[in-house]
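Everything on this sheet refers to the single structure shown next.
The values are calculated or read from the model by the stated rules, or taken from the named source; none is laboratory data. None of these values were measured; they are calculated from a predicted model. Here the Cβ is made from the backbone with ideal geometry for all residues, glycine too, and neighbour counts use every protein chain on show.
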Amino acid sequence: MARVVTFGEIMMRLAPPGYQRFIQAHSFDVSYAGGEANVAASLAQFGHEASFVTVLPDNALADAAIAFLRYYGVDTSRVVRSNVGRLGVYFLETGAAQRASRVIYDRAGSTVAITPPDVYDWSQILNGYDHFHTTGITPALGENCARATLDALRTAKQLGLTTSFDLNYRAKLWSTATARRTVEPMLEFVDTVIGNEEDAKNVLGIEAAGTDVQRGEVQHAAYEEVARKIAERHHVANVAITLRESESASVNHWSACLLSEGQFLLSERYTIQVVDRVGAGDSFCGGLLAARLDGMTPADALEFAVAASCLKHSIPGDFNKVSKDEVLRLCSGDASGRVVR
């Protein structure tokens, strides 16, 4: 069992029941989510000790978010409480068929975004841990979070932890130019870079030839060049990229590639009937990190991560609520979906 710290924002997720549109909704289903919290939950489900670091307001809504994390085995003892700011919220309208999902953020002024970076004692927080993970969403929240993220990554490397960074570009939070200017210096302290089929272009200016994400057209071979350019330019040992081909909001093809110590690997490709795709990239991160921390080979770890995130598409909510045995069963070829009695 490895000990992992993740750092970021957790928000309340409000979604109309089923596939209702916002205009139809008379109620909302409540859960809690955030890129780094989602990864922590996956790691905990797969048997690792996962600690989530953030700053939350001192109120009952934040209490509920902490309880949600604890329910799924995430250590919240390093969560800082504050009497200023608020809990961020996002609204999700789940798409179906040719109607896309929609997300509306209400996170301005969140406590983690307005908290000065010196509130985190990273040497103390990271002491005794094996791995540190964060994403591009966190520095996108503002200067405070950007400085805290850089401090955390630098300290993690000084203490001998391995590190991972999911590029996770969000156009509603910052521009591509600001993302690149902010993220590139952080990669000096990163061992594994993770992204989706668009992130390398949006954050690092590295584009895959022959790919049209809007049409769901992904040229898998082009991503070997993308991964090698990221590795060479930023001196990272591992680059993983998820590859989503969308026929519609309901039918996706899902795979990924991994460049590890110079070896390029391409995973199994799954055709998925989507229930909820939000958090799928985070479930891939969690699966990849868990597998590598368990000592799996890069090839086996890639297959485990893709299978884990494939299963996540069947589960409402951002957290991936599957066991290691379920993932390994899918990796072994059991994709029938038959009832287990």
- In segment 101-128, how many residues are assigned to a loop (DSSP other than H, G, I, E, B) and over 20 Å from the mean Cα position of the chain (by Cα)? 8
- Identity of the residue in segment 9-24, in contact with a Ser or Thr (Cβ under 7 Å, 6 or more places away or on another chain) and not in a loop (DSSP other than H, G, I, E, B), that ends up nearest to TYR90 (Cα to Cα): ARG13
- Would you mind finding the one in ALA44, ALA50, ALA67 that is out of contact with any Asp or Glu (no Cβ under 6 Å at 6 or more places or on another chain), of a type outside the set (Lys, Arg), surrounded by 18 or more Cβ atoms within 10 Å (Cβ to Cβ) and in a helix (DSSP H, G or I)? ALA44
- Message: Quick check on SER27: is it modelled with pLDDT of 95 or more, part of a loop (DSSP other than H, G, I, E, B) and touching a strand residue (DSSP E or B) at 6+ places or on another chain (Cβ under 8 Å)?
- Response: no
- Task: Please tell me if THR176 is in contact with a helix residue (DSSP H, G or I) (Cβ under 6 Å, 6 or more places away or on another chain), modelled with pLDDT of 95 or more, surrounded by fewer than 22 Cβ atoms within 10 Å (Cβ to Cβ) and within 24 Å of GLU245 (Cβ to Cβ).
- Result: yes
- Contacts under 8 angstrom Cβ, first residue in segment 101-130 being farther than 11 Å from THR54 by Cβ, partner among the aliphatic types (A, V, I, L, M) and loosely packed, with under 12 Cβ neighbours inside 10 Å, 6 or more apart: ILE114/VAL84
- When you go through GLU326, GLU303 one by one, which is the residue that is assigned to a helix (DSSP H, G or I), among the charged types (D, E, K, R) and touching a residue at least 24 places away in the same chain (Cβ under 8 Å)? GLU303
- Item | Enumeration of residues in segment 1-40 that are hydrophobic (A, V, I, L, M, F, W, C) and in contact with a helix residue (DSSP H, G or I) (Cβ under 7 Å, 6 or more places away or on another chain) | ALA2, VAL4, VAL5, PHE7, ILE10, MET12, ALA37, VAL39
- Item | ALA301 being modelled with pLDDT of 95 or more and surrounded by 19 or more Cβ atoms within 10 Å (Cβ to Cβ) | yes
- Task: Check whether at least one residue in segment 82-98 is in contact with a Leu (Cβ under 7 Å, 6 or more places away or on another chain), in a loop (DSSP other than H, G, I, E, B) and surrounded by fewer than 19 Cβ atoms within 10 Å (Cβ to Cβ), and report yes or no.
- Result: no
